[in-house]
Structure formats: C-alpha cells, structure tokens
2 protein chains.
Amino acid sequence: MRPISEEDLTTRARIRDAAMALFAEQGVKATTIRGIAEAAKVSPGLVQHHFGTKEALRQACDEYVLSYLREQVTVGVTDHNLDKPEFIENVHRTAPPLMKYLGRALVDGSPAAAAMFDELVSVTEEHLADDDRSEADHRARATVLTAMKLGITVLHEHVSRALGTDLYAPQGALRVGKAQLDLIRPEFLGRELFDQARTGLEKVEGQR
Amino acid sequence: MRPISEEDLTTRARIRDAAMALFAEQGVKATTIRGIAEAAKVSPGLVQHHFGTKEALRQACDEYVLSYLREQVTVGVTDHNLDKPEFIENVHRTAPPLMKYLGRALVDGSPAAAAMFDELVSVTEEHLADDDRSEADHRARATVLTAMKLGITVLHEHVSRALGTDLYAPQGALRVGKAQLDLIRPEFLGRELFDQARTGLEKVEGQR
DNA sequence: CAAGAGTCTATACAAACGTATCGGTCGCCA
DNA sequence: TGGCGACCGATACGTTTGTATAGACTCTTG
C-alpha cells in the first residue's frame with residue numbers, strides 16, 4: 001500500500017514523522033524544534049520553513065494521524081479487508097508510531113484527539129444501543145469501553161514492560177488482544193464482532 | 001482524617017499541592033516554577049528554598065502520592081473500612097487531585113508511577129491465578145485489566161466530557177463504576193470482590 | 001542561458017526558564 | 001534582650017527555547 005499522500009517520502013514528511021515520534025515520547029512541550037531537526041537530519045530553520053511554528057507542526061501531526069486512521073478504517077472495515085494478510089501486515093508496520101502519538105495527544109490536550117475520542121464513543125454507543133434495547137446507561141458503557149481500549153494505547157509503555165514484550169510487536173499485540181477478549185463480556189463487543197475478532201486472532205496465532 | 005503527615009497545611013505542603021495540580025494538568029515540562037509559586041501564592045525563590053530543584057519537587061510529589069495511596073489501601077482494604085461512609089467521603093474529597101497526578105505521571109515517565117503500575121499488575125495477577133488455576137495467560141490478563149482501569153484515570157478529562165459529568169464527582173464516579181462492572185466479566189474481579197463492589201455502588205446509589 | 005521559485009543552512013535575537021545569591025523578617029531559646 | 005536558625009522575598013545570571021532574517025544551492029521553466 002502506498003503512503004497516505006504523494007507528499008510522503010519528502011523532507012517535509014521526514015520532519016513530520018520525526019516530530020510525531022518525539023511528541024509521542026516526550027510530549028509536545030518537552031520536544032524542541034532543534035531536537036526534531038536533528039532526528040530528521042535537517043537544520044532547525046528548515047523545520048520552520050516547512051511548518052512555520054511549532055503549533056502548526058503539531059496540528060499537521062494531528063491531521064495526519066486523523067486522516068491515516070480514517071483511511072485505515074475505510075479500507076479495513078468498510079471495504080472488508082480486515083482479514084487480508086497484506087492489510088494486517090501494513091497496519092502492523094505503519095500504525096505503531098501513529099498510535100503512540102495518538103495516545104500522547106489524548107493526554108496533552110490536542111483538540112483533534114479529543115474529537116476522535118468523542119467520535120469513537122458515539123460509534124460505540126450506537127453499536128451498544130443497537131444491540132441491547134434495554135434502558136441501560138449506554139452512554140457510560142460506551143465511554144468506559146472506549147477509555148479502556150484507548151487506555152492500553154496510552155499506557156503502552158507500561159503494558160509492554162509488564163508483559164516483557166513490545167505491545168506493538170506481533171506477539172505482544174496477540175497476547176493483549178486475547179486478554180481483552182477474555183476480560184470483556186462478549187455481548188458488549190457484539191456477539192458477531194466478538195467472534196470475528198476471536199477467529200481473527202486465532203488465525204494469526206495459527207500462522208506462527 | 002488528618003493529613004498524611006504533620007508537615008501538611010504548611011507552606012511546603014501548599015507548594016507541593018499546587019505543583020501536583022499543575023503537573024497533572026500540563027505535564028512536568030510545561031509547568032514552570034513561577035507558575036507553581038503563583039498558584040501557591042508564594043515567591044518563586046521560596047519554591048526553590050523548600051525543594052531545591054524542579055526535579056526534587058517532582059519526586060516529592062511522587063512520594064506523596066505513593067504514600068497516600070498506600071495509606072488509603074491500608075485503611076480501606078486491610079482494615080476493612082471500604083463501606084464506612086466517612087472513609088468514602090474522605091476519599092472522594094482528597095483523592096481526585098492525587099489520581100489526576102498519578103494519571104499524568106504514568107505518561108510523563110515517572111519511575112514511581114511505573115513502580116506502582118507494576119505493583120498493581122502483580123497484585124492483580126496473584127488474584128487471578130488464585131481464582132483460576134487454568135493455564136490461561138494470567139500475566140497478560142492482569143496487565144490489561146490494570147491498564148484498562150488506570151486508563152480511565154489517565155483519560156479522565158475525556159471521560160468527563162463524554163459523560164457530561166465530572167468523573168470525580170459522585171454521580172460521575174457512580175456511572176463509571178457501574179459501567180465498569182457491566183463491561184468486565186465478573187469472574188475476573190473475583191466473584192466475591194465483584195459482589196462487594198456492586199453492593200457498595202448500590203448502597204451509594206440508594207443514598208442519593 | 002537566465003531567472004525565479006522552491007529548498008535548505010547559518011546566524012541572530014528576544015523571551016522564558018531553572019537556579020543561584022543576597023537580604024530581610026519572624027520566632028524561639030539561652 | 002540579643003542572637004541564631006528557619007522561613008521568605010527580590011534580584012540576577014547563564015542557558016535554552018521559539019522564531020525571524022539573510023544568504024546559498026538546486027531545479028525547473030520560458
């Protein structure tokens with residue numbers, strides 16, 4: 001699969017990727033333009049030339065992550081590629097830095113990340129309400145479910161340490177995925193989605 | 001209940017509390033000594049006089065949170081005060097700023113927070129292994145369970161926004177607590193602990 | 001080939017920051 | 001009562017930061 005837009009592989013993209021990695025690791029405030037420039041192997045002035053200000057660079061990272069996630073959802077869910085090996089391989093190769101950035105953005109107060117959180121809650125809520133027409137507190141359940149799943153992303157460093165395996169390595173993702181399916185009541189993922197996820201994991205497990 | 005040590009209520013404690021609140025809101029790097037001084041209504045020099053360096057102040061916050069949490073666990077769990085109204089009231093009054101700080105510390109790379117995470121995973125793992133002697137991946141389950149629960153703390157801002165209620169207000173905590181019990185398979189909290197938590201929540205609910 | 005837009009580096013500067021230092025005030029005890 | 005230590009404020013200094021500016025190189029285009 002080709003990059004998300006033609007302007008990738010360019011210096012501008014290299015700077016953005018370096019910025020995403022550093023923002024994710026240290027937070028926005030603790031990351032310096034000079035550090036980004038060094039990581040991208042360019043001069044500090046060039047960072048400013050491409051993005052103007054640090055805040056604009058941060059927004060560019062936000063927008064890139066958002067468009068990437070939307071595209072992967074479209075290709076994966078809408079176009080039914082979730083079980084295609086090349087899709088899975090591509091996600092495993094490109095997603096980790098973006099997920100780490102998303103996790104940090106959620107705590108660092110990025111408006112884009114907040115919007116994405118709300119969006120995920122809404123989607124989950126509709127799904128829950130569709131599945132269970134009782135008078136349960138679907139809003140709270142959807143919120144908590146979203147926060148719990150994203151919590152693993154946000155705390156990926158601690159999860160990886162406790163597991164002794166990188167969360168974003170195939171083995172780590174597999175263990176965490178199975179543990180999640182074990183812990184959460186199946187009916188809240190939707191029985192259908194639950195089975196799909198479990199068989200997907202089992203298929204991946206069988207491959208290695 | 002009195003403060004955790006006699007030196008509270010002092011200027012030193014005011015500075016520490018202000019630092020914890022700002023660290024939690026903005027992260028350590030984005031928080032300035034001058035900002036802390038202003039929030040605590042003291043001079044910037046005084047902050048340095050009491051804690052020496054910013055890093056030492058951060059460590060003092062870490063240690064304070066850790067000792068607070070340990071004390072609450074001792075008083076609450078070990079001494080069986082979990083259902084005493086005055087204990088609950090005290091926790092609801094004092095815990096929020098500390099939990100917010102803990103959430104931020106987990107992402108900001110505090111060694112103390114990492115240690116606390118590992119500790120929670122270990123406790124949870126023993127609990128799971130005790131309850132279910134199968135060959136399941138207890139380590140992964142304990143890690144994911146811990147990360148999911150702490151994830152709600154870390155993402156409290158988003159949870160509160162999505163709920164329309166402050167997570168650390170009684171109503172918010174109640175809704176989230178019930179949603180958690182709904183979402184997670186009862187056997188992984190331990191049937192006993194699960195029932196205890198549910199009746200506890202119901203009692204709180206009945207009171208209002 | 002000339003010119004100009006795009007790309008990149010080097011240097012400079014003002015602001016903000018952590019921290020060190022000095023001076024002052026209050027309360028306790030000999 | 002005098003002084004001494006703890007507590008607190010004001011100021012200053014060196015560093016780091018984001019950003020502005022000026023110049024060099026490259027590549028396309030007319």
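Any read-out appearing in this document is the output of simple, stated calculations on the displayed coordinates, not a laboratory observation. Just so it is clear, the structure is predicted and the values come from calculations on it, not from any experiment. Backbone-built Cβ (ideal geometry, glycine too); neighbour counts: all protein chains shown.
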**OP:** Quantify how strongly other chains surround peptide A:118-127 by giving the mean number of their Cβ atoms within 10 Å of each of its Cβ atoms.
**Re:** 1
Subject >> Using a 7 Å Cα-to-Cβ projection, B:Asp83 label spacings across copies, nm, ascending >> reply: 4.9
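Can you give the FRET efficiency for B:Asp132 and A:Ala95, using 1/(1 + (r/R0)^6), R0 = 30 Å, r = Cβ-Cβ distance, to the nearest 0.05?
That gives a FRET efficiency of 0.40.
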Original post:
Taking θ as phi - 60°, what are the ³J(HN,Hα) couplings along region B:141-156 by the Karplus curve (6.51, -1.76, 1.60), each to the nearest whole Hz, with x for Gly and Pro?
Top reply: 4, 5, 5, 5, 4, 4, 5, 5, 5, 5, x, 5, 5, 4, 9, 4
Original post:
For B:Thr165, what is the net charge nearby, where nearby means another residue's Cβ is under 12 Å from its Cβ and Lys, Arg count +1, Asp, Glu -1?
Top reply: +1
**OP:** For B:Lys84 paired with A:Glu119, estimate the spin-label separation in nm (one decimal), with each label point 7 Å from Cα along the Cα-to-Cβ line.
**Re:** 4.9 nm
**OP:** Please identify every one of the trypsin sites (Lys or Arg not before Pro) in region A:99-156 that sits in a loop by DSSP and has no more than 13 other beta carbons within 10 Å of its own beta carbon.
**Re:** A:Arg133
**OP:** Could you tell me which trypsin sites (Lys or Arg not before Pro) in region B:26-86 are loop residues by DSSP with no more than 14 other beta carbons within 10 angstrom of their beta carbon?
**Re:** B:Lys41
Original post:
Taking Cα pairs under 8 Å and at least six residues apart, what relative contact order does chain B come out at, in percent?
Top reply: 17 percent
Original post:
With springs only between Cα atoms under 10 Å, which of B:Ala40, B:Ala105, B:Ala129 fluctuates most in a Gaussian network model of chain B?
Top reply: B:Ala129
Original post:
Where the eigenvalues come from the Cα gyration tensor of chain A, what are the semi-axes √(5λ) of the equivalent ellipsoid, largest first, in whole Å?
Top reply: 32, 20, 17
**OP:** Quote the convex hull volume per residue of the protein assembly as shown, based on C-alpha atoms, as a whole number of Å³.
**Re:** 156 Å³
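Just flag the GluC sites (Glu not before Pro) in region B:92-139 sitting in loop per DSSP whose Cβ has no more than 12 other Cβ atoms within 10 Å. Write out the running numbers ahead of the final one.
Values: sites: B:Glu119, B:Glu125, B:Glu126, B:Glu135; in loops: B:Glu135.
Sites meeting the loop and neighbour criteria: B:Glu135.
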Original post:
FRET efficiency for B:Ser67 and A:Ser43, Cβ-Cβ distance as r, R0 = 35 Å, nearest 0.05?
Top reply: 0.15
**OP:** For region A:61-144, just say rounded, prolate or oblate: build the C-alpha gyration tensor, square-root its eigenvalues into a ≥ b ≥ c, call rounded for a/c under 1.5, and beyond that prolate if a/b exceeds b/c, oblate if not.
**Re:** oblate
Original post:
Could you give the dipole magnitude of the protein assembly as shown about its Cα centre, charging the beta-carbon of Lys and Arg +1 and that of Asp and Glu -1, in debye to the nearest 20?
Top reply: 1300 debye
